[in-house]
Amino acid sequence: MKPRVEPHQVKVGGEGVSPKGVPASLPTFFTIDTEDAGIGDLKVEVSGPNARHPKVTTDVVDDGNGKFRANYLPEDIGNYTVLSCF
């Protein structure tokens, strides 16, 4: 029997995904809670508003308890897209 994976149970939050926005050129982060989602591979991607720099370097740290912290630096002003797949 395969382990059950429920991607809809992944929770993302924190200042780096705030609807208010974040200041450009200051490091920020968001958390990803996969504790209730089962076992799976996590993929995190942050895309910037500028076509010259479409992918933003994101450092994902595993807290070891089904929770992760994704750190990134928004270099340009504009809307960013955060994609978290499980």
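No lab work stands behind these numbers, since they all come straight from the coordinates. From a predicted model like this one, the values you see are computed outputs, not experimental measurements. Virtual Cβ from ideal backbone geometry, glycine too; neighbours counted across all protein chains shown.
Here are some notes:
- Those residues of the stretch 46-60 which are surrounded by 12 or more Cβ atoms within 10 Å (Cβ to Cβ) and either among the β-branched types (Val, Ile, Thr) or within 12 Å of Phe30 (Cα to Cα) (or both), in sequence order: Val46, Val56, Thr58, Asp59, Val60
- Failed condition for Ser18, given (1) in contact with a Phe, Trp or Tyr (Cβ under 8 Å, 6 or more places away or on another chain); (2) free of Cβ contacts under 8 Å to residues at least 12 places away in the same chain: (1)
- If the condition is being without any contact (Cβ under 8 Å) to a residue 40 or more places away in the chain and crowded, with 16+ Cβ neighbours inside 10 Å, then the stretch 61-79 contributes Gly66, Phe68.
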